[in-house]
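Colleague: To start, I am sharing the structure in question, which I have written as C-alpha cells.
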Amino acid sequence: MKYRMKSKSAGIFLFFLTATAFAGDTNLPSIIPLPQKIERREGIFKIRPEKRILGLHVRSGTKILTDAASLETGRYLAGQLRKSTGYQLPVGLKAEARDTKGSIILTTDNSKTTLGAEGYELTVASDSVIIRASDEAGVFYGVQSLLQLLPPEVFAMKPIQGIAWNLPCVRIEDQPRFQWRGLMLDVSRHFSNKDEIKHLLDLMALHKLNTFHWHLVDDQGWRIEIKKYPRLTEIGAWRKNVGFKLDPKDTIAYGPDGRYGGFYTQADVREIVAYAQARHITIVPEIEMPGHSTAALAAYPQFSCTGGPYNTDIGAGVHNGVYCAGKNESFTFVQDVLTEVFALFPGKYIHIGGDEVPMDNWKACALCQTRMQQEGLQNEHELQGYFIRRIEKFINANGRNLIGWSEIREGSLTQNTAVMDWIGGAVAAASAGHDVVMSPMSNCYFDHYQSQDHSTEPHAIGGYLPLDKVYSFEPIPMNLPAKYRIHILGAQANLWTEYIPSIGRVEYMAFPRLSAMAEVVWSSKSSRNWDDFMLRMQTQTRRFDQLGVNYRRNTPVKVAY
Ligand code: ACM
Ligand code: ZN
C-alpha cells in the first residue's frame, strides 16, 4: 500500500481494514471501467448496521438518504448491501431526515450538468458518502462505483461474516466516453432463459454498460411470442436436437416434450425490459429480415419465394431463409410482428438485421422479379435496399428509428437510420450523417477463441480475440474526419452462440473480455493502460467469484497484433 498515513499505527490499522478493496500494489481503488477522475483521500467511511440489544435501539447505523428521484436507486443499493452484509440499512427521503451525518446520500440536487445524464460525482468522506448526478442513470452509476469501493465480498449472494465494510475516502468525477455501450446476445442458436438474461443484465450494470442488443430471431429459432402468429413459437422456437455437433448434455434448454429450444412470452419480455430499465439498460430487440428467417418460414412458409418447406433443424436444408420481397403479404407479416415488438420495447431503436441476405431465391422468383421491374430496381441488391427502405418507412411512421448491420447501406437510407458496423461501412455511413455503432469482427466478436491453443478452449466458431485486443480497440475509425466523429455512438461486443450452448459458456466467452470492452466505451482514451487494467482485473475477478460468474481464468498472454 502506497498511500501516506499520518502515523504508522493508523497505517497498519487502515491496511487491515481496507486491504481487500484494493488490487495489488496500487493506491487507487480497482474500479472497472476506470473513472474519468479519481482522487484518493485520507480516511475511510464505515458502513454500520443499527445496533440493538435485547430488541432495544442502542446506536443508529448507516442510513441511505435520497431525494424523491433517487429513491428507487437508494432501495437498489440497500438491496445489494443487504445480500452480502446482512445489514438492513434504512432508506428514506433526505428532506425528512433529522440528521444526515453518517449517511449515504443520493441526490440530483446541485449536480454538475456538464457531466451529462450518465455522469456522477461520488465523494466519500469519513462521515458521509454523497453521490450527486443530474439524472437517475448517473446516480445509478455512482452506486456501481460505490459498490466497487467495497471489498469484493460485497457482491456475495448471501451474508458474509468477518468483513470490514469500509469505503476508502475518495473523490470521483465520472462520465462515459460513449453513449452506446453494448452487448449483443444471440438467443436464437441457443436459448437463454429469463433468469439467465437477468443475471447477464446485472453483470452489464456492474460494467456500466447500457445497451442490451437481444438477437431474438434467426434461422435456428424464433424466441419471442407474437400473438397474431402463434406458430412462430409453437414451431419456430423448437428444433429436434441441440445441433451444431454439440453434446446434448451441454445445455438445459429442453421443452416438456423433449424438443430443444424455448421462447419468451410477452409477459417475460415485459419483465426483462423492466428489469433492464431499473438498471438503466435499454434493450434493442433484433428481428432479422429479410434473410436469416428460416425459423419464421418454418412456421409460415407462405412468406418465402418457394412456399417451403422450411425447418429449424440444423442440417435440414436451408440455412439462411429469406422472405419473398415480391409478396405484399411478407411485408404485412413483418409489419404485424414489428407492431407487437414496438409495444414491448420502449427504446428508440429497432434492429432489423439486414445482414447476409441470400439472393438466389429472389433471382428465381417471378414475384420478386416483377417487383424489381415495377420499382425500377437493377439487381437483387437493389431489391434488398427496397425491402429495408419499406420497413424503415414503417418503423419511422411508428416513431422509432431503424438500426441494421453493415449491409443495410445498400439502400438509400433516411438520415435517422443507424448502421451497426461488423464488416465495414462506418466511415461512409458516418460521413453521410448516419449514426453508427461499432462492432467490427476484428475486436468485438466474442464468439472467437480467447487462445490460439484450441486444445485448452471449448470449441468455438474460429477466429482469435484475446483480451488485450479487445482492450486496444478504438471505436472511432482512424480515417473518419473529425467533424463526423459525433456520429460514432459507441461500440458493442457480439456474442453469436452457434457453439455456445449454455449461460455458463456465454459467461466464459464474455468475461473477462466484456470488462475490457466496458473500459473501451466508458473510460477516456488517454487513460488506457494495460498493466493498470490487469491489476484492477485481479479485484474484478474476485467480484466475479462472488457473483458466480464462469469467467475465463487462464492468464491471458500479451500478443503482438
Ligand atoms: C453478423 O455477424 N452476421 C452480423
Ligand atoms: Zn420472391
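Colleague: Could you list, in sequence order, the residues of the range 322-346 that are among the hydroxyl-bearing types (Ser, Thr, Tyr) and open to solvent by 20 Å² or more (accessible area, probe 1.4 Å)?
Modeller: Thr332, Thr339
Colleague: Which condition number in (1) of a type outside the set (Gly, Ala, Ser); (2) closer than 20 Å to Val436 by Cα; (3) open to solvent by 70 Å² or more (accessible area, probe 1.4 Å); (4) not in a helix (DSSP H, G or I) is the one that Arg389 fails?
Modeller: Tallying (1) of a type outside the set (Gly, Ala, Ser); (2) closer than 20 Å to Val436 by Cα; (3) open to solvent by 70 Å² or more (accessible area, probe 1.4 Å); (4) not in a helix (DSSP H, G or I), Arg389 fails exactly one: (4).
Colleague: I need the full set of residues from the range 23-50 which are at pLDDT 85 or above and charged (D, E, K, R), in order please. If you could, list the steps in order and put the result at the bottom.
Modeller: To start, the set of residues in the range 23-50 that are at pLDDT 85 or above comprises 29-50.
Lys37, Glu39, Arg40, Arg41, Glu42, Lys46, Arg48, Glu50, listed by residue number.
Colleague: Got a number for residues in the range 427-445 being touching a strand residue (DSSP E or B) at 6+ places or on another chain (Cβ under 7 Å) and farther than 18 Å from Asp355 by Cα?
Modeller: So the count comes out to 1.
Colleague: Here's a follow-up. Which of the residues that make up the range 259-281 are among the β-branched types (Val, Ile, Thr) and in contact with a Lys or Arg (Cβ under 8 Å, 6 or more places away or on another chain)?
Modeller: Ile272
Colleague: Another question about this same structure. For Ala430, indicate whether it is crowded, with 23+ Cβ neighbours inside 10 Å, touching a residue at least 12 places away in the same chain (Cβ under 8 Å) and within 16 Å of ligand 1 (Cβ to nearest atom).
Modeller: On the way: crowded, with 23+ Cβ neighbours inside 10 Å: yes; touching a residue at least 12 places away in the same chain (Cβ under 8 Å): yes; within 16 Å of ligand 1 (Cβ to nearest atom): no.
Criteria not met by Ala430.
Colleague: Which residue, of Ala95, Ala156, is in contact (Cβ under 8 Å) with a residue 24 or more places away in the chain, open to solvent by 10 Å² or more (accessible area, probe 1.4 Å) and of a type in the set (A, V, I, L, M, F, W, C)?
Modeller: Result of the check over Ala95, Ala156: Ala95.
Colleague: Regarding the range 336-348, can at least one residue be identified that is under 19 Å from Ile226 (Cβ atoms), touching a residue at least 12 places away in the same chain (Cβ under 8 Å), within 16 Å of ligand 2 (Cβ to nearest atom) and assigned to a loop (DSSP other than H, G, I, E, B)?
Modeller: Our first condition is that a residue be under 19 Å from Ile226 (Cβ atoms); within the range 336-348, this holds for 336-347.
In the following step, the residues that additionally are touching a residue at least 12 places away in the same chain (Cβ under 8 Å) were identified as 336-342, 344-347.
Checking which are within 16 Å of ligand 2 (Cβ to nearest atom) leaves us with none.
The answer is no, given that none of the residues of the range 336-348 is under 19 Å from Ile226 (Cβ atoms), touching a residue at least 12 places away in the same chain (Cβ under 8 Å), within 16 Å of ligand 2 (Cβ to nearest atom) and assigned to a loop (DSSP other than H, G, I, E, B).
Colleague: Moving to a separate point now. Suppose we filter the range 356-373 for residues that are closer than 26 Å to Arg189 by Cα and open to solvent by less than 10 Å² (accessible area, probe 1.4 Å); how many remain?
Modeller: Selection size over the range 356-373: 1.
Colleague: Let me confirm something: among Pro256, Pro301, which residue is open to solvent by 50 Å² or more (accessible area, probe 1.4 Å) and farther than 24 Å from Asn494 by Cα?
Modeller: So the residue among Pro256, Pro301 that is open to solvent by 50 Å² or more (accessible area, probe 1.4 Å) and farther than 24 Å from Asn494 by Cα is Pro256.
Colleague: Could you please find all residues in the range 346-357 being more than 22 Å from Gly291 (Cβ to Cβ) and not charged (D, E, K, R)?
Modeller: Result: Pro346, Gly347.
Colleague: Continuing with the same structure: (1) within 16 Å of ligand 1 (Cβ to nearest atom); (2) outside any loop (DSSP other than H, G, I, E, B): which one isn't true of Phe331, the others all being true?
Modeller: Unmet for Phe331, out of (1) within 16 Å of ligand 1 (Cβ to nearest atom); (2) outside any loop (DSSP other than H, G, I, E, B): (1).
Colleague: While we're here: One residue is enough: does the range 310-317 have a residue meeting the conditions among the hydrophobic types (A, V, I, L, M, F, W, C), more than 16 Å from ligand 2 (Cβ to nearest atom) and open to solvent by 30 Å² or more (accessible area, probe 1.4 Å)?
Modeller: yes
Colleague: Pick from the range 200-257 the residues that are outside any loop (DSSP other than H, G, I, E, B) and touching a Pro at 6+ places or on another chain (Cβ under 8 Å): which of them is farthest from Ile314 (Cα to Cα)?
Modeller: My answer is Trp214.
The values are calculated or read from the model by the stated rules, or taken from the named source; none is laboratory data. For clarity, every value in this text was computed on a predicted model and none was experimentally measured. So basically every Cβ, Gly included, is an ideal-geometry build from the backbone, and we count neighbours across all protein chains shown. Accessible surface is based on the protein model in full, side chains and every heavy atom, while ligands, DNA and RNA are left aside. Shrake-Rupley method; radii C 1.70, N 1.55, O 1.52, S 1.80 Å.
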